[in-house]
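The values are calculated or read from the model by the stated rules, or taken from the named source; none is laboratory data. All figures in this text were calculated on a predicted structure; none of them were measured in a lab. For neighbour counting, all protein chains shown are included, and Cβ atoms are generated from backbone atoms with ideal geometry for every residue, glycine included.
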Amino acid sequence: MEDITIHEFDVALINEFFTELERQGPGSAEETVRALSFIDNLSNTTKIADLGCGTGFQTMVLAQHTKAAITALDLCPGSIEKLNAKAAKLDLQKRVNGIVGSMDNLPFQDEEFDLIWSEGAIANIGFERGLNYWKRFLKKDGYVAVTYESWFTNERPAEIEKWWLDAVPEMDTIGHNISIMQNAGYIPVAAFTLPEECWIDNYFAPQKARQEEFLKQHAGNKAAEDMIAFMRREADLYSRYKQYYGYVFYIGKKI
Ligand code: SAH
């Protein structure tokens, strides 16, 4: 178990587990709204892209706190199906459109968006790579707002460092990530850390019942058992090492 990394699990199995949960990464409505408070000039002509949207928890928060038209994109068709159903249920389907796609090959026009949002997903293509690539899809003076795994200190115990560098090889400190954002051609507008409730209450706690259910559904399936053991270890490591790392919201404005 020690040496298994997230990359070794079957994406279908990960998606089957997570699409039943309200969110697929740490975060909260409050922190999404806090990040949104740094964005100027929001109106009913604003266009937002939400990349790696999952089943759309933060997409609905964005829709309910703006008048913008939102295109939400994710690689997982099951998540997009759930997102579009949720939008219809909330009567937001005129302004929220979920599409299947990859955030490193976007089906958008240059300078199409006023705001690119992405919670808990940019590490899939790399923080630096994502910020550089996404910039062309933003209008001048448009904003990017992403959450990304970050170290809070210069040094950290080897156990937690190894775990995260296996999952996110480019993981770095907040200061370093702000300079990456600046070098990519954005004015760094704000950076703030997500409080631990975003992990403990909104990410790990809802996983517990789902893990039990999942193990029953996949009884005897070694891959499923390994995946659940991995998730439990992730939660245990967080409880022991949370002073060393977390998600940080980075908000930048395209120059
Ligand atoms: N934003 C959501 C989901 C975060 S989980 C939340 O905070 O709850 C990360 C999401 O990124 C998953 O839904 C996964 O399917 C998606 N993803 C991974 N690689 C991707 C890619 N290359 N393009 C688009 N989405 C991707």
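Things to note:
- The residues of segment 74-96 that are buried (at least 16 other Cβ atoms within 10 Å of the Cβ), within 15 Å of the ligand (Cβ to nearest atom) and farther than 17 Å from GLY25 by Cβ, listed by number, are ASN84, ALA87, VAL96.
- Here segment 97-109 is the region considered, the condition is being out of contact with any helix residue (DSSP H, G or I) (no Cβ under 8 Å at 6 or more places or on another chain) and among the polar types (S, T, N, Q), and the residue that is nearest to the ligand (Cβ to nearest atom) is SER102.
- Of the residues making up segment 110-129, those that are among the β-branched types (Val, Ile, Thr) and either away from the ligand (no atom under 12 Å from the Cβ) or within 12 Å of GLY252 (Cα to Cα) (or both) number 1.
- One residue alone among ASN132, ASN154 is within 16 Å of the ligand (Cβ to nearest atom) and at pLDDT 95 or above, and that residue is ASN132.
Okay, residues lined up against (1) in contact with a Leu (Cβ under 8 Å, 6 or more places away or on another chain); (2) among the polar types (S, T, N, Q); (3) assigned to a strand (DSSP E or B):
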residue	(1), (2), (3)
LEU131	no, no, no
TYR143	yes, no, yes
GLU149	no, no, yes
GLU155	no, no, no
GLY175	no, no, no
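- The residue pairs whose first member lies in segment 171-197 and is within 23 Å of GLY25 (Cα to Cα), whose second member is loosely packed, with under 14 Cβ neighbours inside 10 Å, and whose beta carbons are closer than 8 Å, counting only pairs six or more residues apart or on different chains, are MET171/LEU165; THR173/THR153; THR173/ASN154.
- Residue check for LYS135: surrounded by 15 or more Cβ atoms within 10 Å (Cβ to Cβ) and assigned to a helix (DSSP H, G or I): yes
- When residues of segment 20-44 are limited to those that are in contact (Cβ under 8 Å) with a residue 60 or more places away in the chain and of a type in the set (Gly, Ala, Ser), the one surrounded by the most Cβ atoms within 10 Å (Cβ to Cβ): ALA35
- Odd one out for THR71 among (1) touching a residue at least 24 places away in the same chain (Cβ under 8 Å); (2) among the hydroxyl-bearing types (Ser, Thr, Tyr); (3) away from the ligand (no atom under 13 Å from the Cβ): (3)
- Residues within segment 45-62 that are within 8 Å of the ligand (Cβ to nearest atom), among the hydrophobic types (A, V, I, L, M, F, W, C) and buried (at least 24 other Cβ atoms within 10 Å of the Cβ), tallied: 2
- Residue that is nearest to ALA121 (Cα to Cα), among those in segment 14-29 that are more than 9 Å from the ligand (Cβ to nearest atom) and within 15 Å of the chain's Cα centre (by Cα): SER28
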